[in-house]
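Here's the structure, in structure tokens; my notes come after.
The values are calculated or read from the model by the stated rules, or taken from the named source; none is laboratory data. This one's a predicted model, so the numbers in the text were calculated from it and none came from an experiment. Note that we place each Cβ from the backbone using ideal geometry, even for glycine, and neighbour counts take in every protein chain shown.
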Amino acid sequence: MNQGTYPLAAAMINQLNRVDTIANNLANANTTGYKQTGLTEGTFNNYLDKATENNRATTKINVVTNNVPKLNSTYINPEMGSLVQTGDTLDFALKHNNAFFKVQNENGDSFLTRDGSFKVVNNMLVTGNNNPVLSVDNEPIQVEDGVDFNEVIGVFLTDFQNVEKVGNNSFKVKNAQDVLPVEDNSEYLLQGTLEKSNVNSITAMVALIEAHRSFAQSQKAVKGIDEINAKVIEKLGVK
């Protein structure tokens, strides 16, 4: 295989993954509290260096192969989305960027979210997916007459580097010890308000077009190398 095709093929794979990520961001441009995902790109040498640091045996084939582009990781853009007033007493937005609501799924596992569009089902405060919203004591919130949601809804603080996405709009905590419950919610909650997605549709569309063009360019280059190889083989065969 021509060594020139290695980096081109890797670049095509990267752009396909980038297209998937950007398309998912665009699909959630109107999802309440959604944080867009980005990708970082490096080379295969990055993984060889990490393996060396961990005292693991590595095999370096050649300079070209070891320098092929590769997606290193994904990251979450923590920028706040715009705040929109709804007037609904069950809608809540968080004023601070490192604050989260905590919800519980059907298996009893708890996750963090920035989506504060809640509702009441069977006298229980739940999310749009009917997952119970938790208090600062990690208990489902029972809705009674005269309840002050600002006092009972739990708010938890942690850095975005301490969470990873589960689905599109929930976050799993990496280190529970770095999640701090807030006793006084008054400085963190905005009732009757929702935080919109932080996806900029125009910027995302431009990035999507660029990814498609990069893929097409690499594809064209691979085809060109293949045509050159075919001509060389044909000439050598004649001789």
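Restricting the first member to region 208-229 and to residues that are over 13 Å from ASN17 (Cα atoms), and the second to residues that are in a helix (DSSP H, G or I) and of a type in the set (Val, Ile, Thr), the beta-carbon pairs closer than 6 Å and six or more apart or on different chains are VAL222/THR5; ILE225/THR5.
Of SER218, SER201, all but one fail to be farther than 29 Å from MET124 by Cβ, more than 20 Å from the chain's Cα centre (by Cα) and not charged (D, E, K, R); the exception is SER218. Looking at GLU183, GLU210, just one residue is out of contact with any strand residue (DSSP E or B) (no Cβ under 9 Å at 6 or more places or on another chain), outside any helix (DSSP H, G or I) and either among the charged types (D, E, K, R) or under 30 Å from THR5 (Cβ atoms) (or both), and that residue is GLU183.
Summed over region 153-168, residues that are closer than 22 Å to LEU125 by Cβ, hydrophobic (A, V, I, L, M, F, W, C) and surrounded by fewer than 19 Cβ atoms within 10 Å (Cβ to Cβ) total 2.
Picking from residues in region 89-118 that are more than 17 Å from the chain's Cα centre (by Cα), of a type in the set (D, E, K, R) and at pLDDT 95 or above, the one that is farthest from LEU157 (Cα to Cα) is ASP91. Being charged (D, E, K, R) and free of Cβ contacts under 8 Å to residues at least 60 places away in the same chain is the filter; apply it to region 139-163 and report the residue that is nearest to SER73 (Cα to Cα). Result: GLU139. VAL222 meets the conditions (1) surrounded by 13 or more Cβ atoms within 10 Å (Cβ to Cβ); (2) touching a Leu at 6+ places or on another chain (Cβ under 6 Å); (3) at pLDDT 90 or above; (4) of a type in the set (A, V, I, L, M, F, W, C) in every case but one. The failed one is (3).
With the checklist (1) surrounded by fewer than 14 Cβ atoms within 10 Å (Cβ to Cβ); (2) out of contact with any helix residue (DSSP H, G or I) (no Cβ under 8 Å at 6 or more places or on another chain) in hand, flag the one item LYS102 doesn't pass. Checking LYS102 against (1) surrounded by fewer than 14 Cβ atoms within 10 Å (Cβ to Cβ); (2) out of contact with any helix residue (DSSP H, G or I) (no Cβ under 8 Å at 6 or more places or on another chain), the one that fails is (1).
Exactly one residue out of PHE171, PHE215 is aromatic (Phe, Trp, Tyr), surrounded by 11 or more Cβ atoms within 10 Å (Cβ to Cβ), outside any loop (DSSP other than H, G, I, E, B) and in contact with a strand residue (DSSP E or B) (Cβ under 6 Å, 6 or more places away or on another chain): that is PHE171. The residues of region 81-110 that are among the aromatic types (Phe, Trp, Tyr) and over 16 Å from ASN198 (Cα atoms), listed by number, are PHE92, PHE101.
Just to be sure, is LYS196 among the basic types (Lys, Arg), buried (at least 16 other Cβ atoms within 10 Å of the Cβ) and farther than 16 Å from VAL103 by Cα?
Judged against the criteria, LYS196 is a match.
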